[in-house]
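Okay, structure first, notes after.
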Amino acid sequence: MATGNVVGIIQNTIPPATLSPQLTVRAGGSTPAERVLVASFDAATIEYIDFLVYLTGSYAGGGLTIPLPWSAASATSGVTRWGAAIRRMADDAEDIDGSQTYDYNDVDDTCASASGEISIPTIAFTSGADMDSWVPGEYAILRIRRNASHANDTMAGDAELWLSGAVVKET
Amino acid sequence: MAVLPDADRIRVWRGLMRYRPFGGVAGVVKTDLRAAVNAADAWIDSNTASFVAALPDPFRTNSSQNQKLLLFVAVLLMRFGIDLLKQIFGEVD
């Protein structure tokens, strides 16, 4: 069992054509200043970002866990509702030209006590249909969203997803 | 003058949340900010007559409602910071 191992390789980060977050930099306080690449998700509109991911042969069928390191652009209170969904790109079967109804698994996470600190909630997928029956050796679109319209999403201001921290782990 | 339509109050609310220089307010979530926007708009509506009465003539009599609003906004923006005022009005020597 490969519990906790990284089993997905992020090939690319792809903002959708519409409703995508602003890709920007969160500057650190050191000299020289650090620059963390972030996707800044709006507080008033649902926005999405996609990752093209390859599921490696080390995946043992235990389901997936997606950690989502994020920080608040300015807030120090409130909850952000993150969602993750998978579109399996099955070999000679899934047509990217077709439409996918993404089925999201969600997590509500309270922001860190300081806006420059990160919180790392996780979203889990059980093996099988919950992860669109994605199997090792295949690519998939992993779509992450901030469900800013949901009643549980109370945090005012942008939520910054730390892009360098994106991984796909076996549960 | 009436209070803003709800759709416009929502625009103000969204704009403030997207405006990074606005920053975060400790203990304040979306609904709290929305309530503050509503209260600010209601206060402006309630006190517009008082503001107009404070203006001297001939400006008070000869200016349009929009000109009175821009006057109010210009003074407020200067109180906030000259850079934002310049973004709206251009150079202010």
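Within the stretch B:40-93, the set of residues being charged (D, E, K, R), out of contact with any helix residue (DSSP H, G or I) (no Cβ under 7 Å at 6 or more places or on another chain) and in a helix (DSSP H, G or I) comprises B:ASP45, B:ARG79, B:ASP83, B:LYS86. Could you check, for the stretch A:41-49, whether at least one of its residues is within 17 Å of the chain's Cα centre (by Cα), among the acidic types (Asp, Glu), assigned to a strand (DSSP E or B) and under 26 Å from A:GLY128 (Cβ atoms)? There is no residue in the stretch A:41-49 that is within 17 Å of the chain's Cα centre (by Cα), among the acidic types (Asp, Glu), assigned to a strand (DSSP E or B) and under 26 Å from A:GLY128 (Cβ atoms).
Of the residues making up the stretch B:35-66, just one is under 13 Å from the mean Cα position of the chain (by Cα) and exposed (fewer than 10 other Cβ atoms within 10 Å of the Cβ), namely B:ASN66. Within the stretch A:61-72, the set of residues being open to solvent by 10 Å² or more (accessible area, probe 1.4 Å) and assigned to a loop (DSSP other than H, G, I, E, B) comprises A:GLY61, A:GLY62, A:PRO69.
Condition check ((1) away from chain B (no Cβ under 14 Å); (2) open to solvent by less than 30 Å² (accessible area, probe 1.4 Å)) across all residues:
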site: A:LEU37; (1), (2): yes, no
site: A:PHE41; (1), (2): no, yes
site: A:THR56; (1), (2): yes, yes
site: A:TYR59; (1), (2): yes, yes
site: A:SER74; (1), (2): no, no
site: A:TRP82; (1), (2): yes, yes
site: A:ALA90; (1), (2): yes, yes
site: A:SER99; (1), (2): yes, no
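Tallying residues that are under 17 Å from the mean Cα position of the chain (by Cα) and either assigned to a loop (DSSP other than H, G, I, E, B) or closer than 30 Å to A:VAL25 by Cα (or both) within the stretch A:102-133 yields 20.
Just a yes or no: is a residue in the stretch A:128-148 free of Cβ contacts under 8 Å to residues at least 24 places away in the same chain and surrounded by fewer than 17 Cβ atoms within 10 Å (Cβ to Cβ)? Scanning the stretch A:128-148 turns up at least one residue that is free of Cβ contacts under 8 Å to residues at least 24 places away in the same chain and surrounded by fewer than 17 Cβ atoms within 10 Å (Cβ to Cβ).
Under the condition of being facing chain A (nearest Cβ under 8 Å), over 17 Å from A:SER71 (Cα atoms) and of a type in the set (D, E, K, R), the residues counted in the stretch B:21-46 number 1. Residue-level check: of (1) assigned to a loop (DSSP other than H, G, I, E, B); (2) closer than 22 Å to A:ASP153 by Cβ; (3) among the aliphatic types (A, V, I, L, M), B:ALA2 misses just (2).
Look at (1) of a type outside the set (S, T, N, Q); (2) touching a Leu at 6+ places or on another chain (Cβ under 8 Å); (3) within 13 Å of another protein chain (Cβ to nearest Cβ) and you find that A:ILE10 fails only one, number (3).
The values are calculated or read from the model by the stated rules, or taken from the named source; none is laboratory data. What you see is a predicted model; the values in this text were computed from it and never measured. Neighbour counts run over all protein chains shown; Cβ positions are idealised from the backbone, glycine included. Ligands, DNA and RNA are excluded from the accessible area calculation, which covers all protein heavy atoms including side chains. Shrake-Rupley method; radii C 1.70, N 1.55, O 1.52, S 1.80 Å.
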